[in-house]
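Everything on this sheet refers to the single structure shown next.
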Amino acid sequence: MAFHQIEPVPDVRLAHFLDATSNHHIGGTTITTRYMTYPIRLRRPAAGSAVHAVYCGTCRQSVRVAVPSADRTVRRQRCWLAVTFVPVALFVAEVGYLVTRPHFHLGLALVLVLLVSLMVLLGPTLAALDRAQTAHGVTVVPRQPGKAHRRHSIRRPQRPNPGARRRFQAARAARRAASATRTAAPATAPVRGRVTVAAVFGVRVGMGRDAVLARLGEPARTVAGEVVPPDRTPPTGDAVRPAATQLLHYDGPLRGHHTTVTLAGGVVDRVEIAEPAGAVTRTGARGILIASDGIHAATPGHAYQALDACLGPMPRIDEARLRTEHEEMTRTWPTAAQAVDDALATVRRLVADLTADAARPDLTEFTVLPLPDRACVQVTAVFAPPAQATAYRVWRVAGGRWALARSTPRP
């Protein structure tokens, strides 16, 4: 039996190291480390260890992650649990040796020796016990191409300690919900092959097939056997051979739209959300296209849907952070204008601006780019040369408000 419960899908995050700051005060120095985390929803293999590619939205590259089986994780936890007994055995042996000596006398010097030994051995004991309790086995594979293993680590989500009173209230609320569920009608099971907005926009280029199925579920239908040449060259400059593709078709997440996930060589090459007979833009997008170079949208409605899906995971910022972001933004966009209003008014203003951009005959497409470091999402209206593109940035501000910035003045 395992010391700690092993989940079939480990609840871990891929963490990208951002920076570390130190604050010096009278009592010492406090070091604060910031990470940007991304969920990893990978199922453990039946045996051995499986390697998957996980997309990092900060550095925009795939990181190879090793996920061990449940048996291998149990053995690792038992090894760490066995290590905890080594310091305890050493302390017991030391006490036994001192007690069995002739002319034994428990003086002040002996008490100090035992206290120092206990303090020295307590640290490794607690560290090994913590590793045995929280060991999940998921690791970042070393020596990856493009130095993808640097600045990345695996971390568990931080959950605050609710305390005894809140735990009691949560348990009572859970019992009431379970009692109400037994008396209510059974809930309908999720429809196979149908996806949600959050699930689709969590899929990134370079993600493995198992990770896609764990996030989206089984597709409505699968088309395989096509062979297409690659549409891009990797940063290493090596030649890429044509790969066999597999198309996973889903219903949704938008009304009247279908989602197609294209796998090339077992990893995601592109994701398309489009109507069956939608208009095709110059970049080949009929609705929303998630490709290696970003998210493309064909219409203002599709651009807003993509922005809303990408803005959901972004944190809310305060007024001080918003002023800092505006000052840094004006260095790139000197004529940028920013407005803060409630969410509905901001959406209306953004959709009106995107609709005005779509009315121009030289519009090529809309691109959507999440900026986790800036806590915002950028939408860019791309026009044919020599026209200058128009970019918009949207933040979620404390108090249920949204902030909208435009790179160029409104006409």
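The values are calculated or read from the model by the stated rules, or taken from the named source; none is laboratory data. Quantities reported herein were computed from a predicted structural model and do not represent experimental measurements. Please note: Cβ atoms are built from the backbone with ideal geometry, for glycine as well, and neighbour counts cover all protein chains shown.
Among the residues of region 115-140, write down those that are over 15 Å from PRO10 (Cα atoms), at pLDDT 70 or above and either surrounded by 15 or more Cβ atoms within 10 Å (Cβ to Cβ) or touching a Leu at 6+ places or on another chain (Cβ under 7 Å) (or both).
Of everything in region 115-140, those that are over 15 Å from PRO10 (Cα atoms), at pLDDT 70 or above and either surrounded by 15 or more Cβ atoms within 10 Å (Cβ to Cβ) or touching a Leu at 6+ places or on another chain (Cβ under 7 Å) (or both) turn out to be SER117, LEU121, THR125.
Being over 25 Å from LEU369 (Cα atoms) and of a type in the set (D, E, K, R) is the filter; apply it to region 19-60 and report the residue that is nearest to the chain's Cα centre (by Cα).
ARG43
Conditions tested, residue by residue: (1) at pLDDT 80 or above; (2) in contact with a strand residue (DSSP E or B) (Cβ under 8 Å, 6 or more places away or on another chain); (3) polar (S, T, N, Q).
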residue	(1), (2), (3)
GLU218	yes, no, no
THR233	no, no, yes
THR236	no, no, yes
HIS257	yes, yes, no
THR262	yes, yes, yes
GLU272	yes, yes, no
PRO300	yes, yes, no
ALA306	yes, yes, no
GLY312	yes, no, no
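Are any of the residues in region 367-390 part of a loop (DSSP other than H, G, I, E, B), of a type outside the set (Val, Ile, Thr) and within 16 Å of ASP293 (Cβ to Cβ)?
Yes - at least one qualifying residue is present in region 367-390.
Find the helices (runs of 4 or more DSSP H) located wholly in region 254-361 whose residues include 2 or more that are in contact with a Phe, Trp or Tyr (Cβ under 6 Å, 6 or more places away or on another chain) and either in contact (Cβ under 8 Å) with a residue 24 or more places away in the chain or not hydroxyl-bearing (Ser, Thr, Tyr) (or both), and list them.
300-311, 343-358
Taking region 353-369 as the region of interest, how many residues are of a type outside the set (A, V, I, L, M, F, W, C) and touching a Leu at 6+ places or on another chain (Cβ under 8 Å)?
Count: 1.
Considering every residue within region 274-297, establish whether at least one is among the β-branched types (Val, Ile, Thr), modelled with pLDDT under 85 and more than 27 Å from VAL54 (Cα to Cα).
Within region 274-297, one or more residues are among the β-branched types (Val, Ile, Thr), modelled with pLDDT under 85 and more than 27 Å from VAL54 (Cα to Cα).
Which of the residues spanning region 8-19 are closer than 18 Å to ILE154 by Cβ and either surrounded by fewer than 10 Cβ atoms within 10 Å (Cβ to Cβ) or touching a Cys at 6+ places or on another chain (Cβ under 7 Å) (or both)?
The answer is PRO8, LEU14, HIS16.
Being hydrophobic (A, V, I, L, M, F, W, C), over 22 Å from THR58 (Cβ atoms) and surrounded by 14 or more Cβ atoms within 10 Å (Cβ to Cβ): is that true of VAL379 here?
No, not satisfied.
Residue check: is VAL340 closer than 21 Å to ILE295 by Cβ, of a type in the set (A, V, I, L, M, F, W, C), surrounded by 12 or more Cβ atoms within 10 Å (Cβ to Cβ) and modelled with pLDDT of 85 or more?
Judged against the criteria, VAL340 is not a match.
Only one residue in VAL54, VAL67 is aliphatic (A, V, I, L, M), closer than 27 Å to PRO315 by Cβ and touching a residue at least 40 places away in the same chain (Cβ under 8 Å), so which one is that?
VAL54 is the lone residue from the list that is aliphatic (A, V, I, L, M), closer than 27 Å to PRO315 by Cβ and touching a residue at least 40 places away in the same chain (Cβ under 8 Å).
Considering only region 196-211, state which residues are more than 15 Å from ALA291 (Cα to Cα) and either assigned to a helix (DSSP H, G or I) or touching a helix residue (DSSP H, G or I) at 6+ places or on another chain (Cβ under 6 Å) (or both).
VAL197, ALA198, ALA199, ARG209, ASP210, ALA211
Give region 391-401 a look and list any residue that's out of contact with any Lys or Arg (no Cβ under 6 Å at 6 or more places or on another chain) and in a strand (DSSP E or B), or say none.
ALA391, ARG393, VAL394, TRP395, VAL397, ARG401
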